[in-house]
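A quick write-up on the structure given underneath.
The values are calculated or read from the model by the stated rules, or taken from the named source; none is laboratory data. These figures come from a predicted structure and were not determined experimentally. When we count neighbours, we look across all protein chains shown, and the Cβ atoms used for this are built from the backbone with ideal geometry, even at glycine.
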Amino acid sequence: MVATSAARSRARGWTGVALLVVAFATAMLGTTLPTPLYPEYQRVFGFGELMTTVVFATYAVGVVAALLLFGRWSDQLGRRPMLQAGLALSAASALVFTFADATAWLFAGRVLSGLSAGIFTGTATAAVVDVAPEDGRARASLVAAAANMGGLGLGPLLSGVLAQYAPIPLKLCYLVDLGLVVLAGVAVALVAEPVERARRPRLTPQRIAVPAGMRGAFTRAAIAGFAGFAVLGLFTGVSPAFLGTVLHNENRALVGVVVLVLFAASTAGQLVSARLGERRAMIVGCAGLIAGMVLIGASLPLASLPVLLAGAVVAGVGQGMGFRAALAALTAAAPAAQRGEITSTYFFVLYVGITLPVIGEGAAATAFGLVTSGLVFAGGVAVLAAVALVLLARRRG
């Protein structure tokens, strides 16, 4: 009876949404904390730009593993247990980074961070929609997207400001993050469980598959999504090197501002795309990616921070518009029984996009320099976005 009364007293509606948003943003914030700190890790642990991109990309391995292995678990076990597991992994990642004294610790911390993000990306989004009032679920999905991207953008800002202006730059931000994770755990505990636990849970991995009839639509969405997530990877993995080497500015707080600008623009793009049709939003998003990459590419030989920021805004809006519209189109067109598989396959492609191009960028920077490699990267992303744009323009209806 006491347990039942406690369950009934837990938050639902917009109060529940607000509590889950706090937890969602906190979990995603922890995944991008290392971004401004990579130059300091390079100096302390003695590795170069290529190793930085590999350490960064390890995060995506954790995300993909979590999406595939645990993607269905919250439907079987409930949302709250999986969110609590995600927060525990986030705390473990922060502890690993706090005590890191060799490069191997960074890999471990990034994998744990990726597992946390992989659990939260799907589970927290579903939980926010589940607890929202029925007439506000569309708005709740946008709130969840804003919490996701907002958290990703706030992480580098927090760590950059603390690293620049506070003591123990490689530890303090993770200690602060641990405190935030505790508060996020309290927030999750206060929210009502919206899913009934299965009597006999079937904890099977999520398959990767696309039905034959959807392959055309999936290809268009995947190409645009790959290009957009490559831009996110570039800024969160390589922007400190660009600012320090090309623009000769090593202010860690500035790195945080640059990354925040990109993710804030992405959030704005997602909100704008909700007002447009899916096809139109994808077309405008691809065009925005192309224009943004032209600006980002131009900022390198010009060594211009304002041009780089303008490129981040334009590319971020394009990425956000294309990503949300493509995901909405795929989930709407997918058969109900295969929606999870198609969504997981789409996110698999996106996280390949956030890893392989960035590792290639790191290798090219080592061999040819950051300006040359950055120009090639920008050109490659623009070409991919142009291919997606052509495919969308050719599609009838």
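Annotations
- Cβ pairs under 9 Å, 6+ apart, first in segment 13-24 and under 19 Å from LEU154 (Cβ atoms) and free of Cβ contacts under 8 Å to residues at least 40 places away in the same chain, second of a type in the set (Gly, Ala, Ser) and in a helix (DSSP H, G or I): ALA18/ALA187
- Residues satisfying the stated conditions in segment 113-164, i.e. charged (D, E, K, R) and in contact (Cβ under 8 Å) with a residue 40 or more places away in the chain: ASP130
- Filter result for GLY136 (touching a Phe, Trp or Tyr at 6+ places or on another chain (Cβ under 6 Å), within 27 Å of VAL191 (Cβ to Cβ) and either not in a helix (DSSP H, G or I) or not charged (D, E, K, R) (or both)): no
- When LEU389, LEU330 are checked against the criterion of being assigned to a helix (DSSP H, G or I), at pLDDT 85 or above and either within 15 Å of the chain's Cα centre (by Cα) or buried (at least 18 other Cβ atoms within 10 Å of the Cβ) (or both), LEU389 stands alone in meeting it.
- Only one of the numbered conditions (1) among the aliphatic types (A, V, I, L, M); (2) more than 19 Å from the chain's Cα centre (by Cα); (3) crowded, with 24+ Cβ neighbours inside 10 Å is not met by ILE168, and that is (3).
- The condition (being part of a helix (DSSP H, G or I) and touching a residue at least 60 places away in the same chain (Cβ under 8 Å)) is satisfied by just one residue among ALA65, ALA104, ALA88, ALA94: ALA94.
- Verdict on VAL371 being assigned to a helix (DSSP H, G or I), in contact (Cβ under 8 Å) with a residue 40 or more places away in the chain, in contact with a Pro (Cβ under 9 Å, 6 or more places away or on another chain) and not small (Gly, Ala, Ser): yes
- Test set (1) surrounded by fewer than 24 Cβ atoms within 10 Å (Cβ to Cβ); (2) touching a helix residue (DSSP H, G or I) at 6+ places or on another chain (Cβ under 9 Å); (3) touching a residue at least 24 places away in the same chain (Cβ under 8 Å) - VAL44 fails condition number: (2)
- Any chance GLY122 is modelled with pLDDT under 85 and out of contact with any Cys (no Cβ under 8 Å at 6 or more places or on another chain): yes
- Whether a residue is crowded, with 22+ Cβ neighbours inside 10 Å and not assigned by TED's automatic domain parsing to the domain that holds GLY237 was assessed, and GLY114 passes this test.
- Any hit, segment 35-44, residues being out of contact with any strand residue (DSSP E or B) (no Cβ under 8 Å at 6 or more places or on another chain), of a type in the set (D, E, K, R), within 24 Å of ALA268 (Cβ to Cβ) and not assigned by TED's automatic domain parsing to the domain that holds GLN270: no
- Counting residues in segment 232-244 that are surrounded by fewer than 21 Cβ atoms within 10 Å (Cβ to Cβ), in the same structural domain as ARG394 (by TED's automatic domain parsing) and either among the charged types (D, E, K, R) or farther than 30 Å from PRO81 by Cα (or both) gives one or more.
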